[in-house]
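All remarks here apply to the structure that follows.
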Amino acid sequence: MKILIYGINYTPELTGIGKYTGEMGAWLAKNNNKVDVITAMPYYPNWKKADNYKGKLWFKEHVAKATVKRCPLYVPENVTGSSRMIHEFSFLLSSFFYWFPTFFNSYDVIITPYPPLIIGIWPWVYKLFHPKTIWVFHIQDLQVDAARELGLIKNKKLLAALTKIELFWLKKATYVSSISTGMKERILSKGVPEKRYIMLPNWAETDYVKPLSRAESLRAELGIDPDKKVVLYSGNLGEKQGVDMIIDAALELKDQTDILFIIAGEGASKVRLMEYAAAKNLNNIRFLALQPYNKLASFLAIADVHLVLQKKSAADLVLPSKFMSILSAGGVAVVTAEPNTSLYELVDTHQVGFICEPENLAAFVTTVRHVLQTDCNDVSAKARLYAEKHLSIDSILNRFSQELSN
C-alpha cells in the first residue's frame, strides 16, 4: 500500500505520540508499504527544537525506509493554551508546503494521529479530491475532552467550537481508531458507528525491552547507591499526570533514608516541579533527563517500583504509554486508576501491578511503602507475560495492516 502519515510528532521523539507514530511508520515501511510522512521538527517533550534540526526549514530525510518531510513550526518557551494554539496552527500552515503537491498524488491510506485537533484539515481537503483513499483518524488522546475535564480551557464557547470540529473529523474520516476500550466507548458515544472503529492499542518492543537485573541497570552509570530502593517516574511532566504527588510522597517518606524517588522526563511542568521540590528541601528525590532509547531497558531496570500516575479527570481520556514499556521490562508498578477505567481493568484483570486511588496522597504513600516491603516476583513475571501475549508490535500492526488491506 501507499501510505501517508500526517502528524506533528514523529521519530526521534522518545515519548508519547511521536514515539508510536515513528515506530508505526518504520514497521509499515519495513513490511512492503511505501510510506511518506509529513511532520514537524522534533521538539517534544522538552518543548525545544532538537539541536541537529535547529536552523532548518523544509527538508526531506529517510528514516527507517520511510520518506519523512519535515516542516518548521513555532515552539513556545512558555506553554499556555494560547501559545499552544499558535504552535499547532504554525504547523498547519507550514505543512501546506508539502500538502499542495500531495493533493495531486494518490495514496491508498492516510493516517492522522490526534492530537492536535487541526490535524484533520488537510486530509479532509485531500479526501474531497480522492474519495477512495482510506483516512484513519487515530486518537491517542481525547484532547478536547481533556481540556474540558481538566479545566485547561474554561471558555464555554471555545469548548463548544472545538467539540464541533472534533465531531466533524470523526464523521468525515473513513475509520476512527484509538488505544483503549475506555476511549472506544467515549468515541462511540460521540456517534461513530462500531463498523467504522478500529482498535489500535499502543505496543512495546518486547524483543528489545526485556527484564534486566539490577547489575545490568544504569544504577552505577547514574551514581545511584546499589542499596537504595528506587521509586521511578519516567515520562511526560504535564498536567494530566499529577506528578506533584510524588514530591509530596517524598516529603512524607523523607525519614526512610533507604528510599530514593527519581523523576525522569521533560515537559511543560518540569521547572515548576523542580522548584516545588527545592522548596521542600528534600534530599530523597532526583530529577533526570530522559534517557536515550537504546538505554531504555537498562534504565527501567534501576527501579524497584515504577509509578504510572493519572489525575481522576484524565480517566479514559488517555492511556499512559509508558506503562507498555514497564510491562515489557517486567517492572512492578503502582498505578493510580479509578474502577471501570481501561487502566484499572488492565491491572486488576491481569494482576500486573498495584492499584491506588488517584490524587489520594495517604493511599499512595501506603501503597508505595507496601510494595517496597513485598516480594513482587510474581507480579513482575505476570507483567512480562502480559507484554509478550498482548503488546507485540508485530501482532498489533499486522492486525491493523490486514484491516486496512481488507
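Read-outs: derived from the displayed coordinates by stated rules, not from any lab. Bear in mind the structure is a predicted one, so any value in this text is a computation, not a measurement. Every residue, glycine as well, gets a Cβ built from its backbone with ideal geometry; the counts of neighbours run over all protein chains shown.
Observations
- Between Lys34 and Tyr208, the modelled labels are 2.7 nm apart [label points 7 Å from Cα along Cα→Cβ].
- Electrostatic tally near Ala297: other residues with Cβ closer than 14 Å to its Cβ, Lys and Arg +1, Asp and Glu -1, net +2.
- In this rough spin-label picture, where each label sits 7 Å from Cα along the Cβ direction, the Lys254-Phe89 distance is 4.6 nm.
- Relative contact order (%) - the range 214-390, alpha-carbon pairs under 8 angstrom, separation at least six: 22 percent
- Only beta bridges with both residues in the range 1-84 are counted; by DSSP, about 35 percent of them are antiparallel.
- Around the amide H of Val352, modelled in the peptide plane, lies no amide H under 5 Å away from a residue 5 or more places distant or on another chain.
- Remark on the range 280-406: Rg and Dmax equal 16.1, 59 Å (Cα only).
- Loop-located trypsin sites (Lys or Arg not before Pro) in the range 126-197 (DSSP state not H, G, I, E or B) with no more than 11 neighbouring Cβ atoms inside 10 Å: Lys132, Lys154.
- Sum of side-chain charges, Pro131 neighbourhood, beta-carbon under 15 Å (Lys, Arg +1; Asp, Glu -1): +3
- Given R0 = 45 Å, the distance between the Cβ atoms of Lys172 and Asp394 translates into a calculated FRET efficiency of 0.90.
- C-alpha long axis of helix 377-390 to longest principal axis of the chain, angle in °: 10 degrees
- Pairs from Lys34/Lys322; Lys19/Lys65; Lys172/Lys312; Lys19/Lys311 whose Cα-Cα separation, in the structure shown, is over 20 Å: Lys34/Lys322; Lys172/Lys312; Lys19/Lys311
- Those aspartates and glutamates that a straight Cα-Cα span of less than 16 Å connects to Lys154, excepting residues fewer than 8 apart in one chain: Asp145, Glu239
- Of interest is the spacing of the C-alpha centroids, which for the range 346-372 and the range 1-73 amounts to 36 Å.
- Potential extension, Glu149-Arg369 segment - 0.36 nm per residue separation minus Cα distance: 76.1 nm
- Bridge orientation summary for the chain: considering DSSP beta bridges with both residues in this region, about 10 percent are antiparallel.
- By the beta-carbon count within 10 Å of each Cβ, the least crowded to most crowded order of Phe400, Phe59, Phe137, fewest first, is Phe59, Phe400, Phe137.
- Label point distance in nm, Leu188-Lys65, each placed 7 Å from Cα along Cα→Cβ: 3.5 nm
- Nearest-ten-degree value, helix 81-102 long axis tilted from longest Cα axis of the chain: 40 degrees
- Based on C-alpha pairs under 8 angstrom that are at least 6 apart in sequence, the chain has a relative contact order of 14 percent.
- The Asp108 and Asn283 beta-carbon pair, evaluated with R₀ = 51 Å, returns a calculated FRET efficiency of approximately 0.35.
- Summed residue charge, Cβ within 9 Å of Thr11's Cβ, Lys/Arg positive, Asp/Glu negative: -1
- Ranked for footprinting exposure by Cβ neighbours inside 10 Å, fewest first, Leu150, Leu372 give Leu150, Leu372.
- Crossing angle, helix 361-372 versus the chain [Cα axis fit, 0-90 degrees, rounded to tens]: 70 degrees
- Label zone at Val79 (point 7 Å along Cα-to-Cβ), backbone N below 15 Å, the range 240-266: 240-244, 264-266
- Relative exposure of His87, His370, His138, judged by other C-beta atoms within 10 Å (fewest first): His370, His87, His138
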